[in-house]
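These notes are about the structure you will find just below.
Nothing in this text is a laboratory measurement; each read-out follows from the coordinates by a stated rule. Just so it is clear, the model here is predicted, and its values are computed rather than measured. Quick reminder, even Gly has a Cβ in these numbers, built from the backbone with ideal geometry, and neighbours come from all protein chains shown.
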């Protein structure tokens, strides 16, 4: 009799340890599933990035930064303000930005329309000199050419802000995306397997299995909300400058949206976990009372 009792206690202990291990695995796998989902719908998704660039008025900000840079060069040259007006269109800016995005996500060649801008500027300068009756010598022509080259260098620089940075981004995505494509269903598979394992382990007391799943959901939710709070409290996201102010604004918006989404997931997991624990507790108590009666 004592031997049977001892075996029962040992089995309960092993069952409890197994449940704790599976619950811990469930927490990790749920977090991995969330990471995979967020990555696939945000930073690994070119359309999402383009959408965010539009929402944060990135094209307009780039246009302003270019115009400010052009104004500085124009002021130093002594040319009239009309020389730098209407050198590019909103469509050209958008096309040039999209070319950079295509380079990062699809490994396409970067095609920036600085040559078109240069031709417009050159035509304006020539027309201005004709209207003023000025004829340039070789040095003057050289100065104009250098001025135009500086302007175009500034135009190009506002799109290709860092060649090494863009290459790192492209190479990183080229490595991550194939891995994600091969493994994107793996976390879901393991999630289902662990969930089934918990239920099968507690087949004689399914409510206990559901309670352990609920505890895992609650733990996951708490960890997600702590993670979001930790990032916001330890990193000054709003005041981080990444290469340019316009780029920083877009990147900050994307990061904050991801963090708020994580917090929202956390809230739902916490609620589901608490509800699951309460319901299983009520049902177990009801069952226990029915047994007594």
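A few notes on this one:
- Degrees, to the nearest 10: 90-106 long Cα axis against longest axis of the chain: 50 degrees
- Neighbour-count order for 230, 36, fewest beta carbons within 10 angstrom listed first: 230, 36
- In the chain, the longest principal axis of the Cα atoms and the axis of helix 245-292 are about 10 degrees apart.
- Euclidean distance between Cα centres, segment 112-163 to segment 24-59, Å: 41 Å
- Along principal axes, Cα extents of the chain, largest first, whole Å: 116, 31, 28
- Classification of segment 218-280 by its C-alpha gyration tensor yields a prolate form. The axis ratio a/c (a ≥ b ≥ c) is 1.5 or more, and a/b outweighs b/c.
- Gyration tensor over alpha-carbon atoms, segment 86-131, equivalent ellipsoid semi-axes in Å: 30, 10, 4
- Anisotropy class of segment 1-120 from Cα gyration tensor, a/c 1.5 cut: prolate
- Between the Cα long axis of helix 163-183 and the first principal axis of the chain there is an angle of about 30°, rounded to the nearest 10.
- Cα-Cα P(r), segment 50-151, percent of pairs per 10 Å interval: 14, 40, 28, 14, 4, 0
- Residue-averaged 222 nm ellipticity for the chain, from DSSP H runs of 4+ at -39500 (n - 2.57), nearest 500: -29000 deg cm²/dmol
- Computed log10 I(q)/I(0) for segment 18-79 at 0.12, 0.13 Å⁻¹: -0.58, -0.62, from the Debye equation with unit scatterers placed on every C-alpha and solvent omitted.
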